[in-house]
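> Handing you this structure, nothing more for now.
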Amino acid sequence: MFLEGFRENRNCRRCLRLNLHIGLFHNNYYAFMKYFLLLACTILFVSCIDTRPPGSDYLAGVGGPIQRPTSGGPHHPAPAIPDDVSYWEGDGVKGAPLIKINRSQQKAYFYKGGKLVGISRISSGKEDTGTPPGNYKITQKNKDHKSSLYGTIKDKATGQVINDNADVRVDKVLPGQAFYNAPMPNYMRFNSAIGMHTGYLPGYAASHGCVRMPHHMSTKFFENAEVGTPVIVE
């Protein structure tokens, strides 16, 4: 009887240890599955984040379809700040055109016959690539102009952006990559390679020297100015 009782107790202890191991296994299994699912969700979330290298939104959308709604015209996002300045009242107004660009105010003024008919927010050249002051004239107009110097470098196979503010004089295009010239709609050249055109407005001077405008304002300036129109940069 004593041996049978001892064996029975020993078997019970074994059962308890087995049940304990099984319980621990289940607990560890569920903990592992929770961790695995959390890790998978994190990886999925990170993969959806835009991982393009930092750069200027000036060239957003170059070389491919725009990935977000914009109101800044072809290839360019909307201004970074609300535009409560720009307006146009020049339709039907007669008189010789004149454009004044005020860098400190970051505004461009359009006159007809000495009358102010339109104002546009702008983004002129940043400090190291400033828009030079002076008196100029429009020497070229091109509605679908593209930069010969600046653009975006992308991977040909994947379409991934390698450099969204590339300068062909500095940045090399490696095998398997492609360079897309920056679009500059409504381009009006007035000083060597410097002109005014549609572009991104971050709320401060940020360009390579050109004068960026909202698309609807660059369109009005383009339609109402002609080659030879005076441009005063202050």
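> Go through the range 183-234 and give me each residue that's over 27 Å from Ile153 (Cβ atoms) and touching a Cys at 6+ places or on another chain (Cβ under 6 Å).
Residues satisfying the conditions do not exist here.
> State whether one or more residues within the range 212-220 are of a type outside the set (Lys, Arg), assigned by TED's automatic domain parsing to the domain that holds Lys107 and part of a strand (DSSP E or B).
Yes, the range 212-220 has at least one match.
> Can you tell me which residue within the range 176-205, out of those that are among the aliphatic types (A, V, I, L, M) and in contact with a helix residue (DSSP H, G or I) (Cβ under 7 Å, 6 or more places away or on another chain), is modelled with the lowest pLDDT?
Ala182
> Out of the residues in the range 131-156 that are touching a residue at least 60 places away in the same chain (Cβ under 8 Å) and surrounded by 16 or more Cβ atoms within 10 Å (Cβ to Cβ), state the one that is nearest to His197 (Cα to Cα).
Going through the qualifying residues, I end up with Lys141.
The values are calculated or read from the model by the stated rules, or taken from the named source; none is laboratory data. Here the structure is a predicted model, which means the values were calculated and not measured. Note that each Cβ is placed from the backbone with ideal geometry, even for glycine, and that neighbours are counted across all protein chains shown.
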